[in-house]
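Below is one structure, written out as structure tokens, with a few remarks after it.
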Amino acid sequence: MAWRAQPPQLAGNHTMKDETRLVTLGRDPAAHYGTVNTPVYRTSTVLHPSLEALDAGGQPYAYGRLGTPTTAALADAIAGLHGAAGAVLTPSGLSAVSCALLSVLASGDHLIVSEGVYEPSMRFVESGLRRFGVEATVVAPDTTDLAECFRSSTRAVLCESPSSLTFEVQDMQAIAAQARARGMRVLVDNTWATPLGCKPLALGADVVIEAATKYISGHADVMAGVVAANADAWPSLRRTHRELGLCLGPDDAWLALRGLRTLAVRQQRQTASALRIADWLAAQPAIARVLCPMRPADRHHDLWKRQFQAGSGVFGVILKPVSDGALAAFLDGLGLFGMGWSWGGYESLVVRTKPQRSVAGVAAEGPLLRFSIGLEDADDLIADLHDGLARLTSAA
Ligand SMILES: *Cc1c(COP(=O)(O)O)cnc(C)c1O
């Protein structure tokens with residue numbers, strides 16, 4: 001294979017699979033003396049060879065904040081995987097959400113938002129955007145008919161599917177069809193699914209957001225966000241990203257791109273383990289309900305299957321009511337599951353969560369847990385949970 005500047009073209013009408021694109025996108029060995037990976041470019045200043053080049057604005061790179069080969073490699077790969085016109089990088093998933101919203105809204109506009117979005121996203125909508133004169137209507141995640149919510153000032157709909165914490169699936173196709181008919185933008189936080197599990201732009205959305213902090217980087221060592229947009233939404237996204245001065249540091253961009261290379265194998269393994277563990281948990285007497293649309297038993301499974309090509313390793317569990325002491329006996333003694341925020345890394349996590357909303361039935365039942373299944377052996381994880389539930393039962 002010669003050094004090359006473009007992903008290889010395969011013969012005939014063979015369509016390259018995502019697994020191959022994860023390996024080939026965002027690489028340009030010819031531009032870097034044949035090195036396999038695009039190096040870490042640490043720079044603020046880019047020198048221009050002449051006054052003419054300086055006046056021309058610098059091509060393709062002009063200034064560190066505006067992009068380097070390192071950040072362009074990651075952005076190109078994300079845009080390619082989502083079939084987007086372009087993608088921008090941000091220093092966290094939350095700043096990806098806020099940048100995306102600011103790119104489609106202005107003072108006086110109205111936004112429709114799913115009740116199931118990540119809670120800090122909801123705070124940005126209800127507190128941050130409100131200060132700038134944007135009103136929001138919050139709808140239940142399983143709302144498919146938005147007719148009653150539309151106002152003449154409605155400009156956008158923010159979705160997240162499955163919902164953070166409670167894992168309801170949204171009918172993104174139905175929502176996008178209604179919104180598009182009215183010229184509104186549809187934004188989807190796709191962090192759970194990654195570009196391998198769901199391609200919201202293909203379902204009719206305009207903007208897709210992901211916390212690369214989670215599965216894309218995959219090793220619990222990066223804070224990063226990505227936003228990709230279709231051709232309609234891209235000019236405004238790119239402009240807003242520049243106006244806000246957002247950029248991702250070179251080392252974080254490099255780590256996120258390195259994580260992306262192995263996303264497919266991690267995600268397949270974590271999905272398979274998560275399904276086994278969710279099934280096992282569903283059969284335990286201490287468990288009231290498992291919230292996992294990948295399971296055929298889930299009420300949203302059919303909708304999930306229609307819109308997702310792959311699963312992921314994160315799901316929820318509602319316990320039967322127990323004391324905090326019994327819950328602590330379960331969680332504090334776990335050997336393989338850490339308790340901490342974020343998810344999507346190689347290591348298994350569990351947290352008790354408290355959604356600030358009245359999701360059907362959840363509040364009435366027992367504690368709500370969120371599991372993120374890592375790359376450990378699934379039997380080992382089940383053994384850890386088995387011991388934990390025995391501690392819970394004897395403490396109850
Ligand atoms: C974690 C998360 C975010 C925010 O990402 P950060 O990198 O922590 O800012 C946004 N959306 C979803 C769905 C998330 O899970």
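Read-outs throughout are calculated quantities, based only on the coordinates presented, and are distinct from any laboratory measurement. Model, not experiment: these values are computed from the prediction. Glycine also receives a Cβ, built like all others from the backbone with ideal geometry; neighbour counts cover every protein chain displayed.
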* **Residue match in the stretch 231-248 (condition: of a type in the set (Val, Ile, Thr) and within 16 Å of the ligand (Cβ to nearest atom))** => no
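Residues checked against (1) under 22 Å from Val208 (Cα atoms); (2) within 16 Å of the ligand (Cβ to nearest atom); (3) in a helix (DSSP H, G or I); (4) in contact with a Ser or Thr (Cβ under 6 Å, 6 or more places away or on another chain):
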residue: Gln9; (1), (2), (3), (4): no, no, no, no
residue: Val36; (1), (2), (3), (4): no, no, no, no
residue: Val40; (1), (2), (3), (4): no, no, no, yes
residue: Ala53; (1), (2), (3), (4): no, no, yes, no
residue: Ala73; (1), (2), (3), (4): yes, no, yes, yes
residue: Ala84; (1), (2), (3), (4): yes, no, no, no
* To do: Go through the stretch 215-269 and give me each residue that's closer than 21 Å to Ala84 by Cβ, surrounded by fewer than 19 Cβ atoms within 10 Å (Cβ to Cβ) and of a type in the set (S, T, N, Q).
  => Ser236
* Structure fact -> Scanning the stretch 104-124 for residues that are among the aliphatic types (A, V, I, L, M) and buried (at least 22 other Cβ atoms within 10 Å of the Cβ), the one nearest to the ligand (Cβ to nearest atom) turns out to be Val117
* Asked: When only residues in the stretch 17-34 that are among the basic types (Lys, Arg) and in a loop (DSSP other than H, G, I, E, B) count, which is farthest from Asp251 (Cα to Cα)?
  -> Lys17
* Enumerate the pairs (first residue in the stretch 250-265 and among the hydroxyl-bearing types (Ser, Thr, Tyr); second residue anywhere and part of a helix (DSSP H, G or I)) with beta-carbon separation below 9 Å, excluding pairs fewer than 6 apart on the same chain, so at least 6 apart or on different chains. => Thr262/Leu22
* Asked: within 16 Å of the ligand (Cβ to nearest atom), at negative phi and not hydroxyl-bearing (Ser, Thr, Tyr): does that describe Leu101?
  -> yes
* Just wondering, is there one or more residues in the stretch 272-291 that are within 16 Å of the ligand (Cβ to nearest atom), outside any helix (DSSP H, G or I), touching a residue at least 24 places away in the same chain (Cβ under 8 Å) and surrounded by 18 or more Cβ atoms within 10 Å (Cβ to Cβ)? -> yes
* Taking only the stretch 42-51 into account, find how many residues are under 26 Å from Ala253 (Cα atoms) and not in a loop (DSSP other than H, G, I, E, B). => 1
